[in-house]
Amino acid sequence: MPTKEEIFDKIRAALVDALGVDDDEVTPEATLTGDLGAESIDFLDIVFRLEKTFDIKIPRGELFPESLLTDATYVQDGKFTQAGIDELKKRMPFADVEAFAKNPKATEFGNLFTVAMISKYVESKVNAG
């Protein structure tokens, strides 16, 4: 069973390769889009690299549930509704949804995707397997 540090180091390496960033930029607090410059196509590459690195299966939309953005039940007038926040909490238990809920703008959705969030997700998958 890999340690949290070993998991983080492998995630850092995957993100460095996928995004072309420097090691020191990949901190637990770094957001994929804001800090590391990830674009939507990069998320597919990141999922692929994590699956390969950790020998896990990441179902589409589980780590990055982008489909929530296009559902009017969850997003109205550019903000997540309470139903949307509740769905985020359910689908992303490894993310800091409480902080996001204080200002739930759809344009800020990408800030939920931090390196720490990915680490927690991968740890749960590796420990479950």
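So here's what we get for this one:
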| item | result |
| --- | --- |
| Segment 15-31 residues that are in the same structural domain as Leu44 (by TED's automatic domain parsing), paired with ones that are basic (Lys, Arg) and buried (at least 17 other Cβ atoms within 10 Å of the Cβ) (beta carbon under 6 Å, 6 or more apart) | Ala18/Arg49; Val26/Arg12 |
| Per-region count, segment 74-94, residues surrounded by 17 or more Cβ atoms within 10 Å (Cβ to Cβ) and under 14 Å from the mean Cα position of the chain (by Cα) | 3 |
| Candidates Ala128, Ala101 - the one that is closer than 22 Å to Asp55 by Cβ, without any contact (Cβ under 8 Å) to a residue 24 or more places away in the chain and of a type outside the set (Phe, Trp, Tyr) | Ala128 |
| Single match in Pro104, Pro65 (criterion: crowded, with 17+ Cβ neighbours inside 10 Å and either within 28 Å of Asp9 (Cβ to Cβ) or small (Gly, Ala, Ser) (or both)) | Pro65 |
| Residues that are hydroxyl-bearing (Ser, Thr, Tyr) and modelled with pLDDT of 95 or more, drawn from segment 84-115 | Thr114 |
| Matching entry among Thr107, Thr53 (being part of a helix (DSSP H, G or I) and under 27 Å from Pro2 (Cβ atoms)) | Thr53 |
| Checking Ala18 against (1) at pLDDT below 95; (2) touching a helix residue (DSSP H, G or I) at 6+ places or on another chain (Cβ under 9 Å); (3) of a type in the set (A, V, I, L, M), the condition it does not meet | (1) |
| Val97 vs. criteria β-branched (Val, Ile, Thr) and either under 19 Å from Leu15 (Cα atoms) or over 14 Å from the mean Cα position of the chain (by Cα) (or both) | no |
| Selected residue (only one of Asp42, Asp77 is assigned by TED's automatic domain parsing to the domain that holds Pro2 and either modelled with pLDDT under 95 or over 19 Å from Glu5 (Cα atoms) (or both)) | Asp42 |
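One line per residue, one yes/no per condition, for (1) assigned to a loop (DSSP other than H, G, I, E, B); (2) more than 15 Å from the chain's Cα centre (by Cα):
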residue: Met1; (1), (2): yes, yes
residue: Glu6; (1), (2): no, yes
residue: Ala14; (1), (2): no, no
residue: Ala72; (1), (2): yes, yes
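The values are calculated or read from the model by the stated rules, or taken from the named source; none is laboratory data. Remember, it's a predicted structure, so these values are computed and weren't measured experimentally. Because the Cβ atoms are built from the backbone with ideal geometry, glycine has one as well, and the counts that use them run over all protein chains shown.
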